[in-house]
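This report refers to the structure that appears directly beneath it.
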Amino acid sequence: MEEGKPRVDLLCDGSSVIIDCHTHYTTAPPQFKAWRDRQVAAIRDGAQAPSPDDLAITDDEIRESIEHNQLKVMIARGSDLTVLSPRASFMAHHIGDLRVSLTWSRICNDLCYRVTKLFPQYFALGAMLPQSPGVPPSTVIPELRRAVEELGAVCVNLNPDPTGGFWNGPPLTDPTWYPVYEALTELDVPAMLHVSTTCNPAFHTTGSHYLNADTAVFMQLLESDLFAHFPTLQFVIPHGGGAVPYHWGRFRGIAMRENRPGPESLLRNIFFDTCVYHQPGIDLLAEVIPTQNLLFASEMIGAVRGVDPDTGNYFDDTKRYLDSTPHLDESQRAAIFEGNVRQVYPRLDTLLKSQGR
Ligand SMILES: [Zn+2]
């Protein structure tokens, strides 16, 4: 496949902003999880549910949790700004009902929002949505609007399987999702298609469920005409697209056999992040997927936190792999580190410009 050109020119003053578009707030103070544990324990009796006001976290506690974790790692690895969203495995949309999910989503989004206000130079908000199995997806729209319009979210994480690994809800191409897509396109925010923890024992949350989902949603979209209905809708598939880049030929062949447009036809609307944790994987990603469809991300501090003994570097230090791959030149790297993200996340671009960046 011919590699694409960067979609936008970088800032002409020569200053660049290395943007990590996929991280989660995994180091929140312990009272955050303790509140959730109380909420989950009270599901059978709503009267016992804790009040959101019971969760007390000070600004100093948030600063402490960030400065010694995300921020320290960002600075050490050379990224300037990250899109920070609630911890993905904690979204757990399958737990409780819509009311439980809504309360929890607001708490998670508000906490990440506080991080962005305490560290506006370093963090932008990615929001989670109050999804719940068996209810119309449109029920997320009020929180989607609040997150974008009031909290300044630049993207949202949309869970394609709120059942937590059973996949017995409608695919993303089902018209019941359309009201969500109408809101996303109206608000001009992309959705990262990101599942949460699995309650299906056949899957491991981060080892298989996440990667399975990345692959599954791509195939759902390949089989559909969704983007004919929503030509400006933008989806980001995380974790390097699961098996998609590796099996690009398979998707091309299936589309040909079914008389469908090939996977290239999706590339106006679908982007892949670079959360791939070894050099050969990033090399393949950069060779197969056009540059304009790649967005720098690490998902730190996340599922794979250790040091690779073969290299002596952290597995999730993905910038290092992008810097080393022979399949990118400097302008392509600049597009992946900044230009493409600003294009796909227009509200982030506006935010950065408001900061003079
Ligand atoms: Zn993630």
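What follows is calculated from the coordinates using simple rules that are stated; it is not laboratory data. Since the model is a prediction, treat every value here as computed from it, not as a measurement. Cβ sites come from the backbone with ideal geometry, for glycine too, and all protein chains shown count toward neighbours.
Where in region 79-114 does the amide nitrogen come within less than 11 Å of the point 7 Å from the Cα of C199, taken along Cα to Cβ?
So the set is 92-97.
Kirkwood-based Rg over Rh for the chain (C-alpha set), two decimals? It would help to have the intermediate numbers written out before the result.
Working: Rg = 19.4 Å, Rh = 20.6 Å.
Ratio value, two decimals: 0.94.
Collect residues whose amide H, placed 1.01 Å from N in the peptide plane, falls under 5 Å from the amide H of Y25; neighbours closer than 5 in sequence don't count.
HN-HN under 5 Å from Y25: S85, R87.
In deg cm²/dmol, rounded to 500, what helix-only [θ] at 222 nm does the chain give when every DSSP H run of at least 4 residues adds -39500 (n - 2.57) and the total is split over its residues?
Computed ellipticity for the chain at 222 nm equals -10500 deg cm²/dmol.
Where does the charge balance sit around L233 when Lys and Arg score +1, Asp and Glu -1, over other residues with C-beta under 13 Å from its C-beta?
Around L233, the surrounding residues sum to -3.
Counting Lys +1, Arg +1, Asp -1, Glu -1, what net charge surrounds R257 among other residues with beta carbon under 13 Å of its beta carbon?
+1
Given H placed on each backbone N at 1.01 Å, which residues far from N157 in sequence or on other chains put an amide H within less than 5 Å of it?
HN-HN under 5 Å from N157: A127, M128, L129, M192.
When Lys and Arg each count +1 and Asp and Glu each count -1, what net charge do the other residues less than 15 Å away from T176, Cβ to Cβ, add up to?
Surrounding charge for T176 is -3.
Percent of Cα-Cα pairs more than 19 Å apart in region 148-266, please.
On the way: 3510 of 7021 pairs.
Cα-Cα pairs of region 148-266 separated by over 19 Å account for 50 percent.
Could you check the spin-label model distance between T232 and S324? Points 7 Å from the Cα along Cα→Cβ, value in nm.
4.1 nm
What number, in percent, do you get for the relative contact order of region 250-357 if the mean sequence gap of Cα pairs under 8 Å and at least 6 apart is divided by its residue count?
It rounds to 24 percent for region 250-357.
Under a plain spin-label model, where a point goes 7 Å from the Cα along Cα-to-Cβ, how far apart in nm are N69 and A34?
So the two model labels end up 1.6 nm from each other.
Sort 323-332, 147-156, 165-174 for me by packing, meaning the mean count of neighbouring Cβ atoms within 10 Å per residue, highest on top. List each step's numbers first, then the result.
Working: 323-332: 14.0, 147-156: 21.7, 165-174: 15.9.
Descending packing order for the listed peptides: 147-156, 165-174, 323-332.
Work out, step by step, the length gained on full extension between L267 and I57: first 0.36 nm times the residue separation, then minus their alpha carbon distance; give nm to one decimal.
Full extension from L267 to I57 adds 71.4 nm.
Sort D214, D188, D45 so the one with the fewest other Cβ atoms within 10 Å of its own Cβ comes first.
With the sparsest Cβ surroundings first, the list reads D45, D188, D214.
Quick one: length gained pulling D45 to R305 fully straight, 0.36 nm per residue minus the C-alpha distance? Don't skip to the end; give the middle numbers.
Numbers: separation 260, 0.36 × 260 = 93.60 nm, distance 3.72 nm.
Gain in length upon complete extension: 89.9 nm.
Stick to Cα atoms and the Kirkwood definition of Rh, then tell me Rg/Rh for region 276-352.
Values: Rg = 13.2 Å, Rh = 13.2 Å.
On the Cα set of region 276-352, Rg over Rh gives 1.00.
Cα extents of region 59-119 along the three principal axes, largest first, in whole Å?
So the extents along the principal axes, rounded to whole Å, are 41, 22, 15.
Output the relative contact order of the chain, whole-number percent, from Cα pairs under 8 angstrom with separation of 6+ residues.
The normalised contact order for the chain reaches 21 percent.
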